[in-house]
Amino acid sequence: MATAILQKALDGAPAGDSTTERILAGALGQFENFGIRRTTMEDVARQAGVARVTVYRRFANKERLVEAVVLGEAQRFFAELEAATARFGSVEDRIVEAFAHTLAAAREQRLLNRLLRTEPELLLPHVTTGGGPVLAAGRAFLARQMKLAGTDVPPREVDAVAEVVARLVLSFLLTPDSAVKLENPREARRFARRYIVPLMTG
């Protein structure tokens, strides 16, 4: 469900043929190593092993390419999150693991950390004012977990609760310096079980 929402946001992008995938992979590598501002479309073309005109045929400008890379990385993350939480039997354990996995994955995400450190003004629009698809994907994932569990949260409030939690998690990702210590998975799991599980299970 979450990845479907992100795919819908990418519907205007070119189909995922092998050339497009090479361009996206090349752009991701360039952004991770040199940042968005210092990367040109020609750099991406060279990295992907295609002509510059081929890049422009699929992505009209760099902004569209950046958007496709960011949404593609978010799509990959939610697919990994689904796999990481699927083995847990209870909704409480799935919520706890989802929170811990998200924070751990964010610490290892090269593009996210590179941009937060060096070019936050280029990343933030994709996860704040223009971050609707990413937020919607997070809300859909959490609401699905709540519905599968038969939570005590009234049905009409499930989406609202899921959105509150999604926004909370996003704030921890974007501003990791906090009075709440979540420096390792054990601390993250303890926090999630104490504060997030009650919110999501009613």
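Values as computed for the structure displayed
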| quantity | calculated |
| --- | --- |
| Residue in the range 36-53 that is nearest to the chain's Cα centre (by Cα), counting only those that are of a type outside the set (A, V, I, L, M, F, W, C) and surrounded by fewer than 17 Cβ atoms within 10 Å (Cβ to Cβ) | Arg37 |
| Filter result (touching a residue at least 60 places away in the same chain (Cβ under 8 Å) and aliphatic (A, V, I, L, M)) within the range 74-97 | Ala74, Ala79, Leu81, Val91, Ile95, Val96 |
| Residues of the range 105-127 satisfying the condition of being assigned to a helix (DSSP H, G or I) and over 13 Å from the mean Cα position of the chain (by Cα) | Arg114, Leu115, Leu116, Arg117, Thr118, Pro120, Glu121, Leu122, Pro125 |
| When residues of the range 137-155 are limited to those that are of a type in the set (Lys, Arg) and modelled with pLDDT under 85, the one nearest to the chain's Cα centre (by Cα) | Arg144 |
| Val96 vs. criteria surrounded by 21 or more Cβ atoms within 10 Å (Cβ to Cβ), in contact with a helix residue (DSSP H, G or I) (Cβ under 8 Å, 6 or more places away or on another chain) and modelled with pLDDT of 85 or more | yes |
| Hey, Ala84 touching a helix residue (DSSP H, G or I) at 6+ places or on another chain (Cβ under 9 Å), part of a helix (DSSP H, G or I) and surrounded by fewer than 18 Cβ atoms within 10 Å (Cβ to Cβ) or not | yes |
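Here is a yes/no grid of residues against (1) under 30 Å from Gly29 (Cβ atoms); (2) modelled with pLDDT of 90 or more; (3) of a type in the set (Lys, Arg):
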position: Leu116; (1), (2), (3): yes, no, no
position: Leu135; (1), (2), (3): yes, no, no
position: Asp159; (1), (2), (3): no, no, no
position: Phe172; (1), (2), (3): yes, no, no
position: Arg189; (1), (2), (3): no, yes, yes
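The values are calculated or read from the model by the stated rules, or taken from the named source; none is laboratory data. Nothing here was measured: the structure is a model prediction, and the numbers come from that model. FYI the Cβ positions are ideal-geometry reconstructions off the backbone, even for glycines, and counts take in every protein chain you see.
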